[in-house]
Each structure stands twice: as structure tokens, then as C-alpha cells.
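Only one structure is covered here, and it is reproduced in the block below.
The values are calculated or read from the model by the stated rules, or taken from the named source; none is laboratory data. Keep in mind that this is a model prediction, so the values were computed, not measured. As a convention, Cβ positions derive from the backbone with ideal geometry for all residues, glycine included, and neighbour counts pool all protein chains shown. The protein model used for the area step is the full one, side chains on, heavy atoms only, and it has no ligands, DNA or RNA in it. Shrake-Rupley method; radii C 1.70, N 1.55, O 1.52, S 1.80 Å.
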Amino acid sequence: MRSIIIAGNWKMNKTIGESISMVKELKTLVRDIGDRAILVCPPATALSSVGAELKGSNISLGAQNMHFEENGAFTGEISAGMLKEIGVEYVILGHSERRHVFEEDDSLINKKVKTAISSGLKPILCVGETLEERENGRMEDVVSTQLSDGLGGIEDIKNLVIAYEPVWAIGTGKTATPSQAEEVHVLIRKVLGAIFDDEISEGISILYGGSVKPGNIKELISQDNIDGVLVGGASLDAKSFSEIVKC
Ligand code: PGA
């Protein structure tokens, strides 16, 4: 019932030229896959060219961030309307690097999620605890608050996607074990049930992210509540990302 989504987050990597050659190769490698959503999230400079290259393919385009206002004096920012104009379908919001490096908080992220939904983009809201929070027994509290504050005042959730990305697993080579991840996905579904209702919660895809590779995807995706993955490092190479897509 829930869609499986395999998303690649390229972060601040790849020039336009590198992006185009990567998606050319990826398109061929995954062209027969029809039962899941595949998406790549290139850096902002490459979005437009990658979007043009992906036209007519089974790969969607995602952005890594956006501003919540439609336009105005926000130097360096990009709006939802600008992303829509170039064919962007998804937008990653509240990624741990945005939270920790750029100090985005839940109230800012909440505004972005609202704007994404009202603009017709599909937000991928990222949540996840740090190692310190986990070790101090605060994981449940942190993840629940990120969800309830990040989703406050939102009623139209039909395009909402959640990604659980434990901060300690991102780019570290340390993946959460499938059962550790599943435990948090079950918690997330419970919290979504309390925020919306159980039926709505059952329909929301919850992705796992944090050192996902071709070697660990099968075990992760076989968990009942893991409905896809958000992949950083291993999504930069067409072959390794295609192996994850084909899991
Ligand atoms: P990683 O990054 O796969 O390199 O750990 C995941 C992410 O930040 O989305």
C-alpha cells in the first residue's frame, strides 16, 4: 500500500557536467524498474540540467532545501515556486546537516514543510537523534518532538514523506541495525498516528537514511516499516545507487 522510495542525496557534490553523466548512466541501469519511486537530489546548480536529462525517465528530481517564502529579500535562497518551475517534485527538509551545521530549528522547518505542501512539492522531512541523545535515553523524545513540531498545523499530508536518519549513522559508515531502525520507524508511525490518525499514518512512507549501501539495503528494506531509503555517499556513483534501487 505504501510507496517504496529510493532517494539519492548528493549534498554539495558534482558539477553540472558530472551530474549529467551520472544520470545518463543511472537512467540506463534502472530503466526497467517500475515498482518504486527513484529520485536524485543534485545540488541547486545542477537541478535544471538534471531535470531536463530526466524528462521521460522513471527517475524523479528532488531538491535538498528551500526557503519558506515565495520571494523577497532572502539572499542566497531558493523558493518552492522556483523549484517547481524546473520540474522538481520532492524536497528534502530538516536534514541533519541543515539542523546541525546551519542551525535550522523545528519552527523554521515547519514553515518549510507547510510551504512545500501548499506549493505541490513532496517534502521529505528528516528526523533523527544524535549519538549523545541516544546514549542519554532521549531518542524517543527527540524524534517525537521533531515530528510534532515539524508537522504542527499541517492537515494536508498526502505528499508527505518522512526520513529517519540517526545523526550518528550519517556519513560515518555506522548503519543502524535493521531492528534498531525498525524500532524507531514503529515509533514514528505511532507518533504520526497521534498527530493525524492511524489510517493516515499507515499510508505515509518512512525512509531510513545513514550509511545505506548495496551491502546492507536488503536487510533494511525487508523491515515492515522501512518503506525506502535516503542515500548519501552511495548515491554518488550510478552503479552503487542502481544496486540499491534494485534491492
Ligand atoms: P550517508 O548520508 O548515506 O552518506 O550516510 C545519508 C544522508 O545524509 O541522507
### Message
Among the residues that make up the range 201-215, is at least one of them farther than 28 Å from Ile78 by Cβ, crowded, with 18+ Cβ neighbours inside 10 Å and out of contact with any helix residue (DSSP H, G or I) (no Cβ under 6 Å at 6 or more places or on another chain)?
### Response
no
### Query
If we scan the range 79-92, do we find a residue that is assigned to a helix (DSSP H, G or I), modelled with pLDDT of 95 or more, open to solvent by less than 10 Å² (accessible area, probe 1.4 Å) and out of contact with any helix residue (DSSP H, G or I) (no Cβ under 6 Å at 6 or more places or on another chain)?
yes
## Note on the structure
(1) within 18 Å of the chain's Cα centre (by Cα); (2) more than 15 Å from the ligand (Cβ to nearest atom); (3) buried (at least 19 other Cβ atoms within 10 Å of the Cβ) all hold for Phe241 apart from (2)
### Task
State whether one or more residues within the range 24-33 are modelled with pLDDT of 95 or more and surrounded by 20 or more Cβ atoms within 10 Å (Cβ to Cβ).
yes
### Query
So which residues in the range 1-23 are open to solvent by 60 Å² or more (accessible area, probe 1.4 Å) and modelled with pLDDT of 95 or more, if there are any at all?
Met12, Asn13, Thr15, Ile16, Glu18, Ser21
### Task
Just need a number here: residues in the range 56-78 that are farther than 16 Å from Val161 by Cβ and either open to solvent by 70 Å² or more (accessible area, probe 1.4 Å) or touching a residue at least 40 places away in the same chain (Cβ under 8 Å) (or both).
11
### Summary
Considering the range 193-247, residues that are assigned to a helix (DSSP H, G or I) and of a type in the set (Asp, Glu), and then whichever is farthest from Asp156 (Cα to Cα), we arrive at Glu243
### Summary
Subset of the range 153-174, residues in contact with a Pro (Cβ under 9 Å, 6 or more places away or on another chain), open to solvent by less than 60 Å² (accessible area, probe 1.4 Å) and in a loop (DSSP other than H, G, I, E, B), comes to Asn159, Leu160
### Query
So which of Ser235, Ser211 ends up being at positive phi and within 11 Å of the ligand (Cβ to nearest atom)?
Ser211
